[in-house]
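Trainee: Below you'll find the structure I mean.
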Amino acid sequence: MAREPRERHREREESEFTDKLVHINRVAKVVKGGRRFGFAALVVVGDEKGRVGFGHGKAREVPEAIRKATDAAKRGLVRVPLREGRTLHHDVQGRHGAGKVVLRAAPPGTGIIAGGPMRAVFETLGMQDVVAKSLGSSNPYNMVRATFDALKRQDSPRSVAARRNIKVSALQARRRDTSEAEQSAD
């Protein structure tokens, strides 16, 4: 089997990921002759199948800053367990600095109800139904990091069952029993 050229391999690798530019910040350094401008980019990258990452890049030109941020995002991918491949398994909160987010699982057809930076994370993750609220800081860096903090706290029934040394079916049967009891109480 002949090895494929490096360029083609890189092309295929890049095509599996979608990236979204969340924020560009222009910063100025004052020097003797005037101002020198630089750019900082925040990018979110995901495969729309449960893996997502974010990166931050700085450079003198915008495209170079975006490229650096994209490379950093691909290096820091995390896997997030999704229920039925479309929503969260349970409600979760996350925080980073003054940024706080609340993520809630949603029924089919809800869509992504979230603002700016959080929406970019959910779209690249491949999540279709979620309700999210940002509390506190509206700084895009803190919002993205708080969203990732919440997503890292997400547990799948399989991991919970493994931790408790029980079968997944027993865990989900318990869940069904409690939801039926709640409905009969209403």
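The values are calculated or read from the model by the stated rules, or taken from the named source; none is laboratory data. Just so it is clear, the model here is predicted, and its values are computed rather than measured. FYI the Cβ positions are ideal-geometry reconstructions off the backbone, even for glycines, and counts take in every protein chain you see. We work out accessible area using only protein heavy atoms, side chains counted, and drop any ligands, DNA or RNA first. Shrake-Rupley method; radii C 1.70, N 1.55, O 1.52, S 1.80 Å.
Trainee: Using a cut-off of 11 Å between beta-carbons, work out the net charge of the residues near Ala28 (Lys and Arg +1, Asp and Glu -1, Ala28 not included).
Mentor: +4
Trainee: Moving to a separate point now. What do you reckon, how do Asp155, Asp129, Asp19 stack up by accessible area (1.4 Å probe), largest on top?
Mentor: Greatest to least solvent exposure: Asp19, Asp155, Asp129.
Trainee: Run the 1.4 Å probe and let me know the accessible area of Leu103, rounded to the nearest 10 Å².
Mentor: Counting only protein heavy atoms, the figure is 0 Å².
Trainee: Moving to a separate point now. Label Ala28 and Ile166 with points 7 Å out from Cα along Cα→Cβ: what is the distance between them in nm?
Mentor: Simple spin-label model gives 6.2 nm for this pair.
Trainee: Grab the other residues whose beta carbon is less than 11 angstrom from that of Leu135, score K and R as +1, D and E as -1, and report the net.
Mentor: +3
Trainee: Considering only the other residues whose Cβ falls under 11 Å of the Cβ of Ala120, what net charge follows from Lys and Arg at +1 and Asp and Glu at -1?
Mentor: Residues close to Ala120 contribute a combined charge of 0.
Trainee: For the chain, what does -39500 (n - 2.57) per DSSP helix run (n ≥ 4), summed and divided by total residues, give at 222 nm, in deg cm²/dmol to the nearest 500?
Mentor: Helix contribution divided over all residues of the chain: -12000 deg cm²/dmol.
Trainee: Which entries of Lys29/Lys133; Lys20/Lys133; Lys133/Lys167; Lys29/Lys74; Lys58/Lys133 have Cα-Cα distances beyond 27 Å here?
Mentor: From Lys29/Lys133; Lys20/Lys133; Lys133/Lys167; Lys29/Lys74; Lys58/Lys133, over 27 Å: Lys29/Lys133; Lys133/Lys167; Lys29/Lys74; Lys58/Lys133.
Trainee: How high is the relative contact order of the chain, in percent, with contacts defined as C-alpha pairs under 8 Å that are six or more residues apart?
Mentor: 17
Trainee: Also, I was wondering about something else. On the full set of protein chains, 1.4 Å probe, figure out the accessible area of Phe37 and give it in Å² to the nearest 10.
Mentor: Accessible surface of Phe37 is approximately 70 Å².
Trainee: How much accessible surface does Val31 have with a 1.4 Å probe, in Å² rounded to 10?
Mentor: 50
Trainee: Once neighbouring chains are kept in place and the probe is 1.4 Å, which whole percent of the accessible area of the chain is contributed by carbon and sulfur?
Mentor: Within the chain, the accessible surface is 48 percent carbon and sulfur.
Trainee: Right, next: Protein chains only, probe 1.4 Å: how do Glu123, Glu16, Glu180 rank by accessible area, largest first?
Mentor: Glu180, Glu16, Glu123
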